[in-house]
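Report on the structure given below.
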Amino acid sequence: MGLRRSGLAQLVDQAIEFIERAKLDRHLADLMPLTMALDALFEAHFNLGNALQSLDKLEPALSSFNQAIRLKPDYADAYNNRGRVHQLLLQLD
């Protein structure tokens with residue numbers, strides 16, 4: 001009888017694992033467009049910061065670079081550009 005329960009428990013565990021994997025796959029499919037949207041939003045803030053900086057609108061540029069960094073904290077160019085804006089702001093003082 002113990003072997004039968006063990007076999008049944010294993011089947012139940014496999015069924016639960018299958019159900020959880022199916023849920024995860026469904027969630028992954030839902031998350032992919034979100035991550036793509038966040039990447040696009042990051043790029044929009046980064047590009048806006050560059051455009052504002054070129055127009056000498058330094059405070060709004062700084063804000064855009066901060067938003068870009070918040071969305072993608074591992075993007076070195078955003079930090080570099082934000083640092084450049086900080087330097088320009090210090091030169092104005």
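The values are calculated or read from the model by the stated rules, or taken from the named source; none is laboratory data. Predicted, not measured: the structure shown is a model, and the values here were computed from it. Please note: Cβ atoms are built from the backbone with ideal geometry, for glycine as well, and neighbour counts cover all protein chains shown.
Summary of values
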quantity	calculated
Selected residue [within 19 Å of the chain's Cα centre (by Cα), among the hydrophobic types (A, V, I, L, M, F, W, C) and modelled with pLDDT of 75 or more] from L34, L28, L52	L34
Residue identified as exposed (fewer than 12 other Cβ atoms within 10 Å of the Cβ), of a type outside the set (D, E) and within 24 Å of Q91 (Cβ to Cβ) among L62, L55	L55
Residue count, the stretch 68-93 (criterion: in a helix (DSSP H, G or I) and free of Cβ contacts under 8 Å to residues at least 24 places away in the same chain)	9
